[in-house]
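Take a look at the structure set out below.
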Amino acid sequence: MAQYSLSLLSTKAINGLDVESNHLESSWQVDGVDPCFKSTQGKTAKRDIRSRISELLRHGRPATSTDVNWDDVFLYPTGMCAIWNAYDVTSKARPTAKSACFGFLYSCTIHLLKKNSSGCHFFGYGSSDDLDELESILKEELAAAPSNPGVFALFTEIPSNPLLRSPDLPRLRALADKYDIPIVLDGTIGNFVNMDILSYADILVTSLTKLFSGAANVMGGSLVVNPAGRYYQNFKQQLNASFQDTYFDEDAICMEHNSRDFASRVSAIDSNAEAVCDLIRSRSMMVGVSSSGIKEVRYPKWTTREQYDQCRAQLNGEYVGGFGGLCSVIFTNAPACRAFYDTLDFWKGPTLGTNFTLITAYTLVGHYEELEWAEKYGVAENLVRISVGMEEQSGLLRRVAFALRAAEEATA
């Protein structure tokens, strides 16, 4: 049987998520099988994953010279490893500059930017007012040091996790071009099928662990360099020179297999999630149910819809991208939140994008030691995040309705 050991986990990135190849020892002992066979399978799987991602990013359009090629896609052991490498590449040109974090992003991304740079301009609301403030800062820093811009890159997500807010990407792109700042965009929640976003990014990062895999049995991350971006040659050259393939072959083989039906799974999950969110919203204060314990349902269908629609995938002028499988339910009180969470008969866990429905008390898990700070930006303590899966829809809705009744009884 195959045996392998990790001799050392690097803490270079965040929480030990970055594994350097010179610290990775893998020894194969496979009875009757040439070890090179596994290696060949792994290389083929990685090439197939990279080609699959590049094809998805074309969204059915005819090929052009500025399309993503398979070798513009870099694979990493985790999504956070991909984000770390995007940070590493973009920061080298301006080592004394700060990063800009636009929107309330995934907790590990926020912590990475704050702990690993000269500072971070944090715009946690991701609003038009935040955009105005960002532009004001960029203008002031450019005037003070024209040859040394104060921001090395702008990091954002579409939509954000867990508030499902979508930034105004066209305006962010215009601002980044004006002040010569690359954009690193995390499209994990929006995904390759629903969103057409590469044109707004210089680097697109994705946690393949989530919906791209769906099976919750393997991890992975991708980094895509936009060939149409002004920083393409610089970033691609850096990555080609520094990239180390630390993605374990068997993980790649599993990821390639899991992702073969990615597009069809996205469609099924989109449909289920919209039905679930419609049901929860119909029993919330958003539609005037004053006795409800539910304050708000955060979901791209209603949350910053205009900005989301700007980036939804289209075909022949019609939207073909859905609203995704993630939503967050914010409760007015802790008893209702607890009753809903405890009664909802689905798996509990901190990840998302699984083929089965998964829920988590996101704020308590991700921001337990900074609850007041998170609350300031709308990430309430009484927030339950739901990653909707592929279960049969009527049964799915019955279980949600049962949990809603429990929340209402706890509020009464």
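The values are calculated or read from the model by the stated rules, or taken from the named source; none is laboratory data. Values in this document were obtained by computation on a predicted structure and should not be read as measured data. With ideal geometry, Cβ positions are generated from the backbone for all residues, glycine too; neighbour counts draw on all protein chains shown.
Against the definition (among the small types (G, A, S), closer than 26 Å to D71 by Cα and in a loop (DSSP other than H, G, I, E, B)), how does S213 come out, yes or no? Reasoning before the result, please.
Details: among the small types (G, A, S): yes; closer than 26 Å to D71 by Cα: yes; in a loop (DSSP other than H, G, I, E, B): yes.
Criteria met by S213.
May I ask you to list the residues in the range 191-234 that are surrounded by fewer than 24 Cβ atoms within 10 Å (Cβ to Cβ), hydrophobic (A, V, I, L, M, F, W, C) and closer than 29 Å to S39 by Cα?
A215, A216, V218, M219, listed by residue number.
Could you check the range 343-397 and list, in sequence order, the residues that are more than 22 Å from F323 (Cβ to Cβ) and among the basic types (K, R)?
Correct list: K348, K376.
Being of a type in the set (A, V, I, L, M), more than 24 Å from M390 (Cβ to Cβ) and in contact with a strand residue (DSSP E or B) (Cβ under 8 Å, 6 or more places away or on another chain) is the filter here; which residues of the range 289-330 pass it?
Going through the range 289-330, the residues of a type in the set (A, V, I, L, M) turn out to be 289, 294, 297, 313, 315, 320, 326, 329-330.
From what is left, the residues that are more than 24 Å from M390 (Cβ to Cβ) are 289, 294, 330.
Matches in the range 289-330: I294, I330.
Conditions: (1) within 16 Å of S54 (Cα to Cα); (2) touching a residue at least 12 places away in the same chain (Cβ under 8 Å). D261 meets all but one. Number of the miss?
Status for D261: all satisfied but (2).
Residues checked against (1) outside any loop (DSSP other than H, G, I, E, B); (2) of a type in the set (K, R):
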residue: T209; (1), (2): no, no
residue: V218; (1), (2): no, no
residue: A241; (1), (2): yes, no
residue: D251; (1), (2): yes, no
residue: R281; (1), (2): yes, yes
residue: S291; (1), (2): no, no
residue: K295; (1), (2): yes, yes
residue: E306; (1), (2): yes, no
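Exactly one of (1) among the aliphatic types (A, V, I, L, M); (2) more than 24 Å from L383 (Cβ to Cβ); (3) assigned to a loop (DSSP other than H, G, I, E, B) is unmet by L172. Its number?
Every listed condition holds for L172 apart from (3).
May I ask you to verify whether S282 is more than 20 Å from A268 (Cβ to Cβ), among the small types (G, A, S) and crowded, with 17+ Cβ neighbours inside 10 Å? Walk me through how you get there before you give the answer.
On the way: more than 20 Å from A268 (Cβ to Cβ): yes; among the small types (G, A, S): yes; crowded, with 17+ Cβ neighbours inside 10 Å: no.
For S282, the condition - more than 20 Å from A268 (Cβ to Cβ), among the small types (G, A, S) and crowded, with 17+ Cβ neighbours inside 10 Å - is not met.
Here is a list of conditions, (1) within 19 Å of L326 (Cα to Cα); (2) crowded, with 19+ Cβ neighbours inside 10 Å, and A407 meets all of them except one; can you say which number that is?
Condition not satisfied by A407: (1).
Looking at (1) among the polar types (S, T, N, Q); (2) crowded, with 18+ Cβ neighbours inside 10 Å; (3) over 25 Å from S147 (Cα atoms), which is the one condition that is false for Q238?
Unmet for Q238, out of (1) among the polar types (S, T, N, Q); (2) crowded, with 18+ Cβ neighbours inside 10 Å; (3) over 25 Å from S147 (Cα atoms): (3).
Restricting to the range 93-116, and then to whatever is surrounded by 18 or more Cβ atoms within 10 Å (Cβ to Cβ) and of a type in the set (S, T, Y), can you tell me which residue is farthest from the chain's Cα centre (by Cα)?
Filtering the range 93-116 for residues that are surrounded by 18 or more Cβ atoms within 10 Å (Cβ to Cβ) and of a type in the set (S, T, Y), the one farthest from the chain's Cα centre (by Cα) comes out as S99.
Condition check ((1) aromatic (F, W, Y); (2) in contact with a strand residue (DSSP E or B) (Cβ under 9 Å, 6 or more places away or on another chain); (3) modelled with pLDDT of 95 or more) across all residues:
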| site | (1), (2), (3) |
| --- | --- |
| G214 | no, no, yes |
| S222 | no, yes, yes |
| N234 | no, no, yes |
| Y247 | yes, yes, yes |
| C254 | no, no, yes |
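Rundown of residues vs (1) modelled with pLDDT under 95; (2) closer than 19 Å to N226 by Cβ; (3) among the aromatic types (F, W, Y), yes/no style:
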position: G79; (1), (2), (3): no, yes, no
position: C101; (1), (2), (3): no, no, no
position: F104; (1), (2), (3): no, no, yes
position: H121; (1), (2), (3): no, no, no
position: G126; (1), (2), (3): no, no, no
position: L164; (1), (2), (3): no, no, no
position: A176; (1), (2), (3): no, yes, no
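Among the candidates A410, A339, A406, which residue alone is more than 28 Å from L208 (Cα to Cα) and touching a Leu at 6+ places or on another chain (Cβ under 9 Å)? Show your work before the answer.
On the way: A410 fails: touching a Leu at 6+ places or on another chain (Cβ under 9 Å); A339 fails: touching a Leu at 6+ places or on another chain (Cβ under 9 Å).
None of the others qualify; the one that does is A406.
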